[in-house]
Amino acid sequence: MTDTSQRRSSQVSRRQILQMGLAAATATLSGGAMPLAAHSDEAGERFSGGAGSVIKGVRTNARRICITVDDLWSEYYTLKICREFHRRNIHLTLFPIGHAVNNNLKRPTPGHENLYPRLRDMGHEFGCHLYTHRVIKEFSVEKLIEEEMEPALRVMRRALGANFRPVAIRPPYGHITDAVKELAWRYYTPLVLWGLDSQDAICTQQKDVHNCECPEQPDYMLYSYMRDSASPDLLCDKDRCARECVREIVNSYESYLRPGTIVIHHALKATLLAIPAIAELLADWNMKAIPLTELFTYSANSGGA
């Protein structure tokens, strides 16, 4: 984190964040400026009151946004994405699955050892995306704590130090239930979703045609991209699907980006290839992407340039 972000982050406490509620760190902007993510629950969408509130953005006139990256299953793309944003002086808020953190601790991909301290040293910060990425709609708060939150915190503290505390909780798939709200209350940690879905994951999963991927690519089996043997003229192009998704990602930014927006990405090739276009758009719009904790200070301090 830069000196500037450290100074601003020091101006707002965890208690202040939780006390903002929808009055300050609101989940919605007036006038329908930011649509709901397509796969997030409507439960908990609008309600008052502190630690149980769901934050999707902040009310501010400052031209500041936050880019978040979820899951981090792929160490390769996680490191590449974080490096490319860091090179452009953009610092992210990362929401890794605890299981991905554990994999890096036990069986890191060569060249990706100690991944999480390295990402922190670049100035990126961490929230908690729970441990397994299961559907948690029917989980009690006790099950959430025992099977998701505590295992995630244990591995993250092994990776980042015993004093690590996540800046926010983001439940998988954006599922908000009474148990999830109670979890956030018990851990005194804000619930943060997003106001702009970059569509990187949705696009990537839908691009299962056009001979998009090569078997040797690390995400080939994950998304089951198959080459069409009936079209030998269409040679394997490992970046084709991701390139097709870049335009959709940029369209999402152009359509819905506003001051105070929280954007969701995933550690995928499409996000990596979109970084130059995202950075160019932010520069053209005079927008600056900052970590979540710094974005909260703009809400707490009512804007700024």
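Structure summary
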| read-out | value |
| --- | --- |
| Selection status of VAL180, under 29 Å from ARG83 (Cβ atoms) and either crowded, with 22+ Cβ neighbours inside 10 Å or without any contact (Cβ under 8 Å) to a residue 12 or more places away in the chain (or both) | no |
| Pairs, first under 14 Å from GLY174 (Cβ atoms) in the stretch 126-147, second of a type in the set (Ser, Thr, Tyr) and not in a loop (DSSP other than H, G, I, E, B), C-beta under 9 Å, six or more apart | GLY127/THR68; GLY127/THR93; HIS133/TYR173; VAL135/TYR173; ILE136/TYR173; LYS137/TYR173 |
| Qualifying residue in the stretch 183-205 (condition: of a type in the set (D, E, K, R), at pLDDT below 95 and buried (at least 19 other Cβ atoms within 10 Å of the Cβ)) | yes |
| Residue within the stretch 138-148 that is part of a loop (DSSP other than H, G, I, E, B), crowded, with 16+ Cβ neighbours inside 10 Å and at positive phi present | no |
| Residue in the stretch 109-128 that is at pLDDT 95 or above, part of a helix (DSSP H, G or I), over 19 Å from the mean Cα position of the chain (by Cα) and more than 29 Å from LEU196 (Cβ to Cβ) present | no |
| Tabulated pairs, the stretch 67-80, first closer than 18 Å to ASP197 by Cα and modelled with pLDDT of 95 or more, second among the β-branched types (Val, Ile, Thr) and in a strand (DSSP E or B), C-beta under 7 angstrom, 6+ apart or interchain | ILE67/VAL263; THR68/THR93; THR68/ILE262; THR68/VAL263; THR68/ILE264; ASP70/ILE264 |
| Among residues of the stretch 43-58, those that are in a loop (DSSP other than H, G, I, E, B) and either at pLDDT below 95 or among the hydrophobic types (A, V, I, L, M, F, W, C) (or both), counted | 9 |
| Checklist (1) aliphatic (A, V, I, L, M); (2) out of contact with any helix residue (DSSP H, G or I) (no Cβ under 6 Å at 6 or more places or on another chain); (3) within 22 Å of VAL263 (Cβ to Cβ); (4) part of a loop (DSSP other than H, G, I, E, B) applied to VAL180, failing item | (4) |
| Top-ranked residue in the stretch 165-177 [being outside any loop (DSSP other than H, G, I, E, B) and out of contact with any Gly (no Cβ under 8 Å at 6 or more places or on another chain); ranked as surrounded by the fewest Cβ atoms within 10 Å (Cβ to Cβ)] | TYR173 |
| Subset of the stretch 112-163 [farther than 15 Å from THR93 by Cα and of a type in the set (Phe, Trp, Tyr)] | TYR131, PHE139 |
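The values are calculated or read from the model by the stated rules, or taken from the named source; none is laboratory data. Bear in mind that the values here come from a model prediction, so they are computed numbers and not experimental data. Don't worry about glycine lacking a Cβ; one is built from the backbone with ideal geometry, like all the others, and counts go over all protein chains shown.
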